[in-house]
1. Return the subset of K99/K160; K24/K160; K110/K218; K108/K187; K86/K187; K82/K110 for which the Cα-Cα distance in this structure is over 27 Å, preserving the input order.
2. Scan region 53-112 for GluC sites (Glu not before Pro) in coil per DSSP, keeping those whose Cβ has at most 13 other Cβ atoms within 10 Å, and list them by number.
3. Kindly list the residues of region 171-191 that lie in the label zone of L219, defined by a backbone N under 15 Å from the point 7 Å along the Cα-to-C-beta vector.
4. Go ahead and run the numbers for FRET between R83 and L123, Cβ-Cβ distance against an R0 of 22 Å, rounding to 0.05.
5. Only Cα pairs under 8 Å and at least 6 apart count here; give the relative contact order of the chain as a rounded whole percent.
6. Exactly which chymotrypsin sites (Phe, Trp or Tyr not before Pro) in region 1-99 are in a DSSP loop and have at most 12 other Cβ atoms within 10 Å?
7. Run the paramagnetic zone check for K110: 7 angstrom along Cα to Cβ, then residues of region 39-55 with backbone nitrogen under 14 Å.
8. Using alpha-carbon pairs under 8 Å, 6+ residues apart, how would you state the relative contact order of region 24-68 in percent?
Amino acid sequence: MSYYPISGLFIRKYRKADRGAIRKICCDTAFMGGPMEKFFDDREILADCLTSYYTDYEPESIFVAELNKEVAGYLIGCKSLKREKKVFITKILPRILLKSFLKGVLFKSKTRSFCVNCFKSFLRGEFNRRGFLHDYPASLHINVDYRFRNMGIGKELIKKYLDYLKIEGVKGVQLTTISSKAREFFKTTGFTVLYCQKISYYRNLTGKDLFRIILGRKLN
């Protein structure tokens, strides 16, 4: 049995019943820890983009933080980023594009502005990035409900996930963030910065350029 420093906290594997809670927390925290409505118009579409692979194709790599029987946060991950990207492009993205078209999401103001800004960033080469798949084949993304932050839940989720990856024989894991606060948090859990690149597609919302930061941790 595992014991946690937070009273009432339990870290467990994902259950199908958690899908709705994960999608809600994802959207509530999608913009630098705040709600996605800052830059996108449709929660269903964004949740599909950010969580569908993990809940529908690799649920065994999801860990849920339950605090007093309420979902307080989660860690979604994959053992192979290469597989995740292939499944997303061939199976998930076509459905998302069709659904977005039928719902008219791409024509709504926030989504349209975000897509235009991303396209401009693409032309500037801001989506060109170095690959680290050989040494860091796995990935993770973590979110905690704003009511339960700064309690150590994130670190407990990471510990559980890293133990899982080691058992699975995965040699390294990487993650991407645009938050300097998140960067410092992950550094306290043993991750190091692998790559940093300026991005401009949130400039209209933040008033400044941000940085895409890739961090990694070797597991053997």
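Readers should treat all values here as calculations from the given coordinates under stated rules, not as data from a laboratory. Fair warning: this is a prediction, and the values are worked out from it, not measured in the lab. Note that we place each Cβ from the backbone using ideal geometry, even for glycine, and neighbour counts take in every protein chain shown.
1. K99/K160; K110/K218; K108/K187; K86/K187; K82/K110
2. Details: sites: E60, E66, E70, E84; in loops: none.
Those that pass, being in a loop and sparsely packed, number zero.
3. 171-175, 190-191
4. Values: r = 29 Å, r/R0 = 1.32.
The computed FRET efficiency comes out at 0.15.
5. On the way: 324 pairs, mean separation 46.5, N = 220.
Averaging sequence separation for qualifying contacts and normalising by length gives 21 percent for the chain.
6. On the way: sites: Y3, F10, Y14, F31, F39, F40, Y53, Y54, Y57, F63, Y74, F88; in loops: Y3, Y14, F39, F40.
Here the chymotrypsin sites (Phe, Trp or Tyr not before Pro) that fit, given the DSSP loop and packing criteria, are Y3.
7. Under cut-off, by backbone N: 39-47.
8. Values: 22 pairs, mean separation 11.6, N = 45.
Relative CO of region 24-68 lands at 26 percent.
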